[in-house]
Amino acid sequence: MDTLKGKTAVVTGASSGIGEAIAILFGKEGANVVVTYHFGKERGEAVAEEIRQMGVKSKAYQLNVADEAEVKQFFAEVDAEFGDFQILVNDAGINGSNIPVEDMSTEIWDSVMKTNLYGPFFCSREYLQLKKKYKTYKGSRIINVTSIHEYVNVPGNANYNASKSGMRNFAYTLALELASREMTVNNIAPGMILTPINEKVIDDPKKLAAAEAIIPFHRGGKPEEVANVALFLASDASSYVTGSTYVVDGALSILGPNA
């Protein structure tokens, strides 16, 4: 239960869903955890309190990862409160728009791209500036929560699909840039996970049954099942793993884009 003892992690978008599951599991495994939320202060604070009850340090911060100035300020505050930290999980993201490209406004395109792609870029860059300050690259981790839609595309979600494939290639490039310093960068690509981002499906029994019938496992995934992969990638067990994507989807993506 002390896999991450003595380490500190920043988990963006940790007030619900996959981010919450990752933050709580990291706390259980001994890490100090910085929780961020964009909306839902009460829930973000509750997650941080739950983690503190495990005997580790945790604090919740409001953060819009799409705002460059906010990200810079956030990392300055984390540095002042926690100092150097070892693990960054870029989980904060928003869903697609279900709008064909011909009808998609620039504002709708940008809203998804700025959160899902610019956000991880801003956070990773500021994290690396801290690594440079402390000269502690080796053993540090960047973990991006992408989606099977980084390569399985669906119509009506061009902004989401493009943002997730962009995250994949951003991580792969970063893995190459940091390999000589033994800092790892990896992606987790979930399929249909039963979280609030999929509430339109979860809250409709017929839609949920239809969606789960397509998945070879015949069920949606649990946030904890994604968190377990994140724990491996955050731990010393993954010390030689970088530039990879771990798919967590019950074999859904094997069926291809027409599943």
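Observations, loosely collected:
- Only a single item in (1) touching an Asp or Glu at 6+ places or on another chain (Cβ under 9 Å); (2) free of Cβ contacts under 8 Å to residues at least 40 places away in the same chain; (3) farther than 21 Å from P223 by Cβ; (4) assigned to a loop (DSSP other than H, G, I, E, B) is not met by K59, and it is number (4).
- Check on F85, buried (at least 18 other Cβ atoms within 10 Å of the Cβ) and part of a loop (DSSP other than H, G, I, E, B): yes
- Among the candidates A92, A76, A31, the residue that is buried (at least 23 other Cβ atoms within 10 Å of the Cβ), more than 16 Å from the chain's Cα centre (by Cα) and hydrophobic (A, V, I, L, M, F, W, C) is uniquely A31.
- Pair list, Cβ < 9 Å and 6+ apart or interchain, from the range 8-24 residues that are under 17 Å from G191 (Cα atoms) and free of Cβ contacts under 8 Å to residues at least 12 places away in the same chain to residues that are open to solvent by 20 Å² or more (accessible area, probe 1.4 Å) and of a type outside the set (S, T, N, Q): none
- Residue within the range 139-151 that is among the polar types (S, T, N, Q), more than 19 Å from the chain's Cα centre (by Cα), closer than 19 Å to D84 by Cα and outside any helix (DSSP H, G or I) present: no
- Annotation: of all residues in the range 215-229 being within 23 Å of S165 (Cα to Cα) and assigned to a helix (DSSP H, G or I), the one that is most open to solvent (accessible area, probe 1.4 Å) is N228.
- Just one of (1) part of a helix (DSSP H, G or I); (2) out of contact with any Gly (no Cβ under 9 Å at 6 or more places or on another chain); (3) under 21 Å from H149 (Cβ atoms) fails for F232. It is (3).
The values are calculated or read from the model by the stated rules, or taken from the named source; none is laboratory data. Since the structure is predicted, the reported quantities are computational estimates derived from the model, not experimental observations. Note that each Cβ is placed from the backbone with ideal geometry, even for glycine, and that neighbours are counted across all protein chains shown. The protein model used for the area step is the full one, side chains on, heavy atoms only, and it has no ligands, DNA or RNA in it. Shrake-Rupley method; radii C 1.70, N 1.55, O 1.52, S 1.80 Å.
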